[in-house]
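Inspection log for the structure reproduced underneath, given as structure tokens.
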Amino acid sequence: MATDAPLADPAELATWLRVPADDPLLLATLRSASRRFRGAVRHEVNLVEGDEITLDGNGRESLLLPVWPTTAVTVVLLDDEELVEGTDYSWSEAGILRRLGCQVWPDRLRCVEVTYSHGWAEIPADISDAVIEQARAAFRSEPGVKSKAVGGQSVTFETGVTSQWSEAVQRHQVQTGSSA
């Protein structure tokens, strides 16, 4: 369910760059920065409803759903048997799927199937800010050029990422059982 929707407002980027919000280069760099962020965090970021995943059991009371925030859990199957929310399991916005009644998830591969909704209907400010920052840098740079000298002036373009970008990626990336 890949989307090419930008993770930040083109008008906000246009203000920074002093170009119209419909400038083709502005829109291309914003889409590129958004795709790059999605790739770094390994999920859509936007709200995804009815996502179906298969998880490995871990022999413990709790499993971690890979993408948060979790907005709904509609189906949980354990070895093809549907569990009942509130009786067999509960879940949290943080993506924790917990067995109830002193039960644990079996310690078996691919035994839990979950249909859930996750992500943001409105993109968090730290994501939008990081994407705008990367798009601003990309807008004025030439791909593959580290430095350029013309006459007596030289310019250096940075192609790396900022700490703001790294922190946003780390905060919003797909979780694994070992990241809890």
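Taken together, the values in this text are just the output of simple stated rules run on the coordinates, not laboratory data. The model shown is predicted, which means the values in this text are computed figures rather than measured ones. Cβ placement follows ideal geometry from the backbone for every residue including glycine, while neighbour counts extend to all protein chains displayed.
Quick rundown of the values:
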{"item": "Segment THR3-GLN173, extension gain: residue separation times 0.36 nm, minus the distance between their alpha carbons", "result": "59.5 nm"}
{"item": "Peptides 123-136, 76-89, 33-46 ordered by average Cβ neighbours within 10 Å, highest first", "result": "123-136, 33-46, 76-89"}
{"item": "Highest to lowest packing among 106-118, 14-26, scored as the average C-beta count within 10 Å", "result": "106-118, 14-26"}
{"item": "Residues with amide H under 5 Å from that of TYR89, placed H, sequence gap 5 or more", "result": "VAL84, LEU100"}
{"item": "FRET efficiency for LEU47 and ARG98, using Cβ-Cβ distance with R0 set to 22 Å, rounded to 0.05", "result": "0.45"}
{"item": "Under-5 Å amide H pairs with GLY95, H placed in peptide plane, nonlocal only", "result": "THR70"}
{"item": "Among [x] 54, 48, 29; [y] 74, 28, 21; [z] 44, 43, 28, the entry derived from the coordinates for Cα extents along the principal axes in Å", "result": "[y]"}
{"item": "J(HN,Hα) series, the range 91-104, from Karplus relation 6.51 cos²θ - 1.76 cosθ + 1.60, nearest Hz, glycine and proline x", "result": "9, 10, 4, 6, x, 8, 10, 10, 6, 10, x, 6, 9, 10"}
